[in-house]
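Below: the structure, in C-alpha cells.
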Amino acid sequence: MDPNVERKSLIECLAMRYHVAVNKEDGGCGFHAEIRDLPGCTAYARGIEEACRLIEAERIAWIKTAYSRGDTPHPKPHTDRSFGELATISVFAGNGGEEARDWARMLGDMYMRWAERAGHAYEVIGGVGEKWTLLVYGGNTRKTLGKETGWHRMSRNSPFDKEHRRCTNFSSVVVSFAGERPVASDDRVRTYVFDPYKLVKDLRTGEETTAIDQVLDGDLALVLS
C-alpha cells in the first residue's frame, strides 16, 4: 500500500461493489457463489437465495479479515450490467380454471428459458396451482425483468374445450429484487395471440412480432427492443 495514499475506512471497504458469480453445481444439487476478486471467497447452498445470503456474509468476513491485516481490498472495475441481482418472478393465474393455470405455467416456462438463454442461474421454488415462482440471479436482470410486472393477456382456441372455442386468459406477473418490497401493478404489459393469427405485442414499447413460439422460448428481445 502506498504510504502517501490515505487508507480507506473499513466502512468504505465494505461498501465497495464486487461482481458475484452464481452457478448451478454439476448434477443440479445446489448452487456455487463466488467473488473472484476476493480469492477464496466462495459459498455453497442448495438454493440460490441461500447462496446469495451466504456469499454476502463471506464477503464481509473476507474484507474484515484483510483489513485487520492492513490490506485494503480494491475490486476490479466492472460495468453496472455485470453486477448480479437476485430477482423473484411470481406469476399468478387469473380466473379461468385449468386454462388460466396453463397460461401461468407457459409464462413461467418463458422466463425460465429466458434465464437459460441469458446464462443466468435460476431456481423454480413454486409451480403448483394458481402461482408459479422463479428465482433468477445474473447481471443486467433488472433491465429486462423490471419491465415485466403487470398483466399478460393470452388469446387462443382452447385445447381444453372439445369444440376448441376461442378463450382469453390473463396472468399477473410481479417481479421484485432482493431488499425491495414486491409491488403489484395494474399495467397491461403484453398480449399474446395464438389464433386465428399469431402475434405478440408489447403494450409499453409498441414492439410486435409474429414469432410467438420464439418469444415463449425466452427470446424477449424481440419485443423489448
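The values are calculated or read from the model by the stated rules, or taken from the named source; none is laboratory data. Here the structure is a predicted model, which is why all the values come from computation and not from measurement. So basically every Cβ, Gly included, is an ideal-geometry build from the backbone, and we count neighbours across all protein chains shown.
Structural remarks
Each row is one residue, and each column tells you yes or no for (1) modelled with pLDDT of 90 or more; (2) more than 24 Å from R204 (Cβ to Cβ).
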{"position": "A104", "(1), (2)": "yes, no"}
{"position": "V124", "(1), (2)": "yes, yes"}
{"position": "G129", "(1), (2)": "no, yes"}
{"position": "L135", "(1), (2)": "yes, yes"}
{"position": "G146", "(1), (2)": "no, no"}
{"position": "T149", "(1), (2)": "yes, no"}
{"position": "D161", "(1), (2)": "no, yes"}
{"position": "H164", "(1), (2)": "no, yes"}
{"position": "T168", "(1), (2)": "yes, no"}
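- Which listed residue, of R117, R153, R53, R69, is surrounded by 14 or more Cβ atoms within 10 Å (Cβ to Cβ) and closer than 24 Å to V20 by Cα: R53
- Filter pass, E163 being assigned by TED's automatic domain parsing to the domain that holds G108 and either of a type in the set (F, W, Y) or farther than 30 Å from R46 by Cα (or both): yes
- One residue stands out in the range 206-223 among those that are at negative phi and over 20 Å from the mean Cα position of the chain (by Cα): the one that is surrounded by the most Cβ atoms within 10 Å (Cβ to Cβ), namely I212.
- Scanning the range 112-136 for residues being touching a helix residue (DSSP H, G or I) at 6+ places or on another chain (Cβ under 9 Å), farther than 10 Å from V91 by Cα and either in a strand (DSSP E or B) or among the aromatic types (F, W, Y) (or both) gives a total of 8.
- Residue count for the range 176-203 under the criterion of being at pLDDT 90 or above and surrounded by 13 or more Cβ atoms within 10 Å (Cβ to Cβ): the result is 15.
- In the range 20-36, the residue that is nearest to G126 (Cα to Cα) out of those that are touching a Phe, Trp or Tyr at 6+ places or on another chain (Cβ under 9 Å) and surrounded by 17 or more Cβ atoms within 10 Å (Cβ to Cβ) is F31.
- Test: residue in the range 127-146 that is of a type in the set (K, R), surrounded by fewer than 13 Cβ atoms within 10 Å (Cβ to Cβ) and farther than 28 Å from E25 by Cα: no
- Scanning the range 137-184 for residues that are more than 12 Å from the chain's Cα centre (by Cα), of a type in the set (S, T, Y) and assigned to a strand (DSSP E or B) yields S155, T168, S171, S172.
- Residue match in the range 94-104 (condition: under 26 Å from F31 (Cβ atoms), surrounded by 15 or more Cβ atoms within 10 Å (Cβ to Cβ) and free of Cβ contacts under 8 Å to residues at least 40 places away in the same chain): no
- Evaluating D80 against the criteria (1) closer than 30 Å to I60 by Cβ; (2) modelled with pLDDT of 90 or more leaves one unmet condition, (2).
- Residue that is farthest from A178 (Cα to Cα) [pool: residues in the range 19-65 that are part of a loop (DSSP other than H, G, I, E, B) and in contact with a Ser or Thr (Cβ under 9 Å, 6 or more places away or on another chain)]: I35
- For the range 211-221, the criterion of being assigned to a helix (DSSP H, G or I), farther than 24 Å from R101 by Cβ and modelled with pLDDT under 95 is satisfied by at least one residue.
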